[in-house]
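Read-outs throughout are calculated quantities, based only on the coordinates presented, and are distinct from any laboratory measurement. Quick caveat, the model's predicted, so the values are computed rather than measured. Counting neighbours? That spans all protein chains shown, and the Cβs are built from the backbone with ideal geometry, glycine included.
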Amino acid sequence: MVGSSHEALHRIFQKDPTLLTRALQRVLDVPFPEPREIAALNVDLTEIEPVERRVDTLLRAETDEGTYLLVVESQGKKDERKRGSWPYYLSYLYEKYRCEPVLIVITQSSATARWASRPIRLGFPGWDSLTVRPLVLGPDNVPVIADERQAERDVPLAVLSAMTHGRGPQAPAILESLASALRTIDPDSAAVFVQFVDSCLADPQAKQMWRDLMTAIQYFWRHPLAEQVREEGREQGRAEVKAEMTLRILEWRSIPVPDDVRERVMDCTDLDQLELWAQRAVHATDAAELFTEE
């Protein structure tokens with residue numbers, strides 16, 4: 001079970017390796033060649049010396065232009081020690097596999113993304129003996145996917161969007177769109193993606209909203225995360241959960257909820273009606289807009 005955003009941010013590429021090359025091509029506009037095959041490799045870079053060194057995720061991509069090693073590092077904050085470890089990883093992997101390594105850093109922080117994007121230059125002024133230029137995926141370049149149809153077209157990319165943008169005013173639309181899109185893929189893959197997103201949502205309100213959304217999806221309860229949800233007392237009737245989620249979206253977006261609106265929503269037991277209200281809550285500017293055109 002993935003228990004942290006650090007794990008989820010790089011393991012999503014183990015779940016869907018092609019997402020990584022798509023992100024390089026579409027998000028960063030890097031002309032990475034289309035892979036014929038991608039395989040996960042052992043992430044242990046330990047040598048004989050009693051010093052253990054591991055990358056987060058390591059993939060081998062076979063392309064018409066050659067074989068590349070995709071080194072994925074999940075980075076939560078600035079860490080100047082990486083100026084030494086990242087060049088080491090790339091040099092060691094090139095020596096071991098004799099193919100070109102590519103360093104990709106993924107982060108939820110704009111400040112960390114800016115820091116990680118800076119080239120690492122080893123040498124003296126005017127002469128670099130070694131230069132490392134990480135490719136960085138973060139909230140400033142990963143697209144915001146808040147449209148259900150767009151999310152359905154590329155569910156893994158929508159998951160990455162939720163993992164990097166799961167806070168702020170756009171979060172309800174992002175999470176609602178992803179929740180709908182997850183229903184279009186196989187339940188086992190969807191359950192894994194559910195856990196990745198849950199692990200990355202640092203905002204308590206966003207995490208609660210996501211878990212409220214997931215209680216309405218039957219396969220969610222087959223996943224180990226469901227035990228945690230049950231322990232925290234969130235196993236409720238589907239109608240009650242959907243009603244509370246609708247009100248929570250409004251409150252999270254700082255939209256006042258009058259008592260009559262709250263009562264009407266909580267008294268409703270029609271799941272289709274509650275689903276419609278939840279969708280309207282994502283874009284409404286006034287609580288009364290939930291009931292328009294009825």
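Which residue, ILE12, ILE174, ILE185, tops the fluctuation ranking in a GNM of the chain built on C-alpha contacts under 10 Å? Checking each option, the largest mean-square fluctuation is seen for ILE185.
Measuring r between the beta carbons of GLN25 and ASP79 and using R0 = 35 Å, the FRET efficiency lands at 0.80.
Relative to the Cα centre, the charge distribution of the chain, modelled as +1 at Lys and Arg Cβ and -1 at Asp and Glu Cβ, gives a dipole magnitude of about 1220 debye.
Taking a ≥ b ≥ c as the square roots of the eigenvalues of the alpha-carbon gyration tensor, segment 5-137 is classed rounded because a/c is under 1.5.
Helix 187-200 and the longest principal axis of the Cα set of the chain meet at an angle near 80°.
Computed from Cα positions, the angle between helix 271-283 and the longest principal axis of the chain comes to roughly 60 degrees. Counting 0.36 nm for each residue step from GLU251 to ARG121 and taking away their Cα separation leaves a gain of 42.0 nm. Here LYS207 is the anchor, and the lysines within straight C-alpha reach of less than 19 Å, apart from those fewer than 8 places off in the same chain, are LYS242. Rg and Dmax, both from the Cα atoms of the chain and both in Å, are 21.8, 72. Between ARG54 and SER4, the modelled labels are 1.1 nm apart [label points 7 Å from Cα along Cα→Cβ].
Would you please classify the overall shape of segment 51-201 from the alpha carbon gyration tensor, given that a ≥ b ≥ c denote the square roots of the eigenvalues, rounded means a/c under 1.5, and beyond that prolate means a/b larger than b/c while oblate covers the rest? Prolate, because a/c is 1.5 or more and a/b exceeds b/c.
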